[in-house]
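Colleague: Below are the structure tokens for one structure; questions will follow.
The values are calculated or read from the model by the stated rules, or taken from the named source; none is laboratory data. Just so it is clear, the model here is predicted, and its values are computed rather than measured. Glycine also receives a Cβ, built like all others from the backbone with ideal geometry; neighbour counts cover every protein chain displayed.
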Amino acid sequence: MILQAVISAAGSNPDSGKPLLLVDVDGVISLFGFRPDAPPEGEWLHVDGILHLCSARAAQHLPGLGDHFELVWCTGWEEKANDYLPQWLGLPGDLRFLQFERNPGKARAHWKLQAIDDFAGQQRPLAWIDDALDDACRDWAAARIGPTLLVQTEASIGLDEIHAAELRAWARAL
């Protein structure tokens, strides 16, 4: 059984009229794959005993995107994202989050798609920022009824000004 978002965080209004912004963490906020002798600007955070370099750029841009979108965690971190990231990022509170089936089998080519469909449906406008978007994601986005924007990051750079500007422009154009 696919589980859906289980937290309705303070200040989060699913009927806000804003499009959704589904936010991955690894490769968007938590960076990896960069040269060890030249890490990007950010702060190292311990998350369950694992060090993560959290992007200073993401922290600059993500809170402002909340003016245009309803932000929702779309990450394998699930509820753990709320344990570590909102305060560090300067978000006003916890975000709703998606939960994912741990063994999705072959029903979907990308492990997040079924949970996204269950959460957002086919009509609500949504943008999804992730470092691991593939052809299955692009086919899924093209088949959705509602406006859909996929924004792919590089895991060593994450969310930056170019992505944030693209997201703001898309939300304003709806």
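Colleague: For the stretch 126-140, how many residues are under 17 Å from Val72 (Cβ atoms), assigned to a helix (DSSP H, G or I) and among the small types (Gly, Ala, Ser)?
Modeller: Of the residues in that region, 0 qualify.
Colleague: Pairs, please: C-beta under 6 Å, at least 6 apart or cross-chain, first residue closer than 26 Å to Ala58 by Cα and in the stretch 142-156, second in a strand (DSSP E or B) and among the small types (Gly, Ala, Ser)?
Modeller: As it stands, the answer is Leu149/Ala127, since those pairs meet every condition given.
Colleague: Same structure again: Right, Ala155: of a type in the set (Gly, Ala, Ser), part of a loop (DSSP other than H, G, I, E, B) and modelled with pLDDT of 95 or more or not? Working first, answer last.
Modeller: Values: of a type in the set (Gly, Ala, Ser): yes; part of a loop (DSSP other than H, G, I, E, B): yes; modelled with pLDDT of 95 or more: yes.
Taking the combined requirement at face value, the residue satisfies it.
Colleague: Among the numbered conditions (1) surrounded by fewer than 21 Cβ atoms within 10 Å (Cβ to Cβ); (2) under 24 Å from Ala115 (Cα atoms); (3) in contact with a strand residue (DSSP E or B) (Cβ under 8 Å, 6 or more places away or on another chain); (4) modelled with pLDDT of 95 or more, tell me where Leu53 comes up short.
Modeller: Here Leu53 clears every test but (2).
Colleague: Just to be sure I understand the filter: pairs with C-beta atoms under 6 Å, separated by 6 or more residues or on different chains, first member in the stretch 86-104 and of a type in the set (Gly, Ala, Ser), second member modelled with pLDDT under 95. Which pairs pass?
Modeller: Final answer for the pair search is Gly93/Ala9; Gly93/Ala10; Gly93/Gly11.
Colleague: Here are some residues: Ala5, Ala58, Ala38. Which one is modelled with pLDDT of 95 or more and among the aliphatic types (A, V, I, L, M)? Reasoning before the result, please.
Modeller: Values: Ala5 fails: modelled with pLDDT of 95 or more; Ala38 fails: modelled with pLDDT of 95 or more.
Going through Ala5, Ala58, Ala38 in turn, just one is modelled with pLDDT of 95 or more and among the aliphatic types (A, V, I, L, M): Ala58.
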